[in-house]
Amino acid sequence: MDRNMIYAGSAIVMAGLLGFSWGKGGGGLNADDSKPAAHEIAVVDMNKVFAAHKGLIARNEDLKREVERAQESGKALLEAGQKLKNDLNGLKKGSAEFQRVERELQQKADEWKKLSDEATRKATETQAANFLWTYQLVAEQIQQIADARGYRLVINFSSEAIDQKDLRKWQMIANRQVLYQNSLDITDDVINAVN
């Protein structure tokens, strides 16, 4: 048999096998091929979800009221301290009354610092607890939606439009993990589920 005939026969057999395997769906993806993997991926704008989460909004309102109460208490201490300071200015330095008012002024300053530090610590801890609580609820809803729809991967992204006038956000823009998505956003579904 001629060598060229062997090559031609082998080429026909290989082409037939390749055509059969492509027909069965076993080839690489081309730009024109459908991409079933795209339906396994979704994106969620967590900032938008957190901003719209009614439970978090209510908890943050409660926290805001607590902070305002602490500020009122602090304001009362500051006013008392200011009064003592004014009283101190009218007293003879070194006198027993001067020393008593000075000690009282220091006591008010210490009370104010303790109140301020405690309020700041409590507000920070409460805010962190609120966000953790919300994150856990949102993550559960995302998992339920993903399982129900067959998503295998859900990625956080920012749907916020790029403001070309505010170039201070350039770093945030440059650090975006999702550069493009088309019809993968399930943010509104998550917001509806958590509310």
FRET efficiency (Ala51, Asp110; Cβ distance; R0 35 Å; to 0.05) is 0.35
Which pairs break 26 Å Cα to Cα here: Lys93/Lys114; Lys85/Lys113; Lys64/Lys113?
-> Lys93/Lys114
Could you list the square roots of 5 times each eigenvalue of the Cα gyration tensor of region 47-116, that is, the equivalent ellipsoid semi-axes, sorted largest first and rounded to whole Å?
-> 42, 9, 7
How large is ³J(HN,Hα) for each residue in region 69-81, as worked out from phi by the Karplus curve 6.51 cos²θ - 1.76 cosθ + 1.60 (θ = phi - 60°), to whole Hz, x for Gly and Pro?
-> 5, 5, 5, 5, 4, x, 4, 4, 5, 5, 5, 5, x
Bin by bin, in steps of 10 Å, what percent of the Cα pairs in region 55-195 do you find, going until the bin that has the longest distance?
-> 9, 22, 20, 18, 13, 10, 7, 2, 0
Efficiency of FRET between Arg100 and Glu79 - r from beta-carbon atoms, R0 25 angstrom, step 0.05 = 0.85
Two-decimal Rg/Rh of region 104-165 from alpha-carbon positions, Kirkwood Rh?
-> 1.34
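Bear in mind that the values in this text are calculations on the coordinates, not laboratory data. Please read all numbers here as calculations on a predicted model, not as lab measurements. Every residue, glycine as well, gets a Cβ built from its backbone with ideal geometry; the counts of neighbours run over all protein chains shown.
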